[in-house]
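I have placed the structure first, in the form of structure tokens, so that the comments after it can refer back to it.
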Amino acid sequence: METLHKIGRRKTAVARIYMTEGKGDITINNKPLDQYFTTGTLQYKVKQAFMLTENVDAFDVRVNVFGGGITGQAEAIRLAISRALVALDEENRAALKPEGLMTRDPRMVERKKFGQKKARKKFQFSKR
């Protein structure tokens, strides 16, 4: 198997992954997974696609991720890994789709409008 390249996005985070056959090493921005994401929840999110398809120690993943916060980055990586697993074997889609791992979450921060305090909040109105 040659290197598989996929992209995942979430909010403003963009993750590019390069997946090859290996023994389960995940490197994010030249750091091991447990150093980049210190909480168990975020580590679980990154590995979730591998767990659902029972490929935990089958692939090495090299990730370049930028933008957004750590949760958005973890979910962007999860989407990219899910896309790579489906590209590798179409039968993986049956396990990943019901869990919502194949869907790009479109929710973004709404922009601030001029003449307002925030996106929807207005300045205080004074009648007199």
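Looking only at the stretch 7-35, count every residue that is in contact with a strand residue (DSSP E or B) (Cβ under 6 Å, 6 or more places away or on another chain) and among the basic types (Lys, Arg) and tell me the total.
The number of residues fulfilling the criteria is 1.
Looking at Asp60, is it over 21 Å from Asn30 (Cβ atoms) and without any contact (Cβ under 8 Å) to a residue 60 or more places away in the chain?
Taking the combined requirement at face value, the residue does not satisfy it.
Out of the helices (runs of 4 or more DSSP H) lying entirely within the stretch 24-115, which hold 3 or more residues that are surrounded by 13 or more Cβ atoms within 10 Å (Cβ to Cβ) and either more than 17 Å from the chain's Cα centre (by Cα) or not acidic (Asp, Glu) (or both)?
Hits in the stretch 24-115: 40-53, 70-88, 93-96.
Checking Ala15 against (1) in a strand (DSSP E or B); (2) more than 21 Å from Ala95 (Cβ to Cβ): exactly one of these is not met. Which one?
Single failed check for Ala15: (2).
Among the residues of the stretch 105-124, is any free of Cβ contacts under 8 Å to residues at least 60 places away in the same chain, closer than 30 Å to Tyr18 by Cα, out of contact with any Gly (no Cβ under 9 Å at 6 or more places or on another chain) and small (Gly, Ala, Ser)?
no
Kindly provide the set of residues from the stretch 1-12 that are assigned to a strand (DSSP E or B) and farther than 10 Å from Phe59 by Cβ, ordered by number. Show your work before the answer.
Here is the first cut: in the stretch 1-12, the residues assigned to a strand (DSSP E or B) are 4-10.
Once the filter is applied, which keeps residues that are assigned to a strand (DSSP E or B) and farther than 10 Å from Phe59 by Cβ, the stretch 1-12 yields His5, Lys6, Ile7, Gly8, Arg9, Arg10.
Among the residues of the stretch 5-20, is there at least one that is loosely packed, with under 14 Cβ neighbours inside 10 Å, at pLDDT 90 or above and touching an Asp or Glu at 6+ places or on another chain (Cβ under 6 Å)?
Yes, because at least one residue in the stretch 5-20 is loosely packed, with under 14 Cβ neighbours inside 10 Å, at pLDDT 90 or above and touching an Asp or Glu at 6+ places or on another chain (Cβ under 6 Å).
The values are calculated or read from the model by the stated rules, or taken from the named source; none is laboratory data. It should be emphasised that the depicted structure is a prediction, and the values quoted were computed from it without experimental measurement. We place every Cβ from the backbone using ideal geometry, glycine too, and count neighbours over all the protein chains shown.
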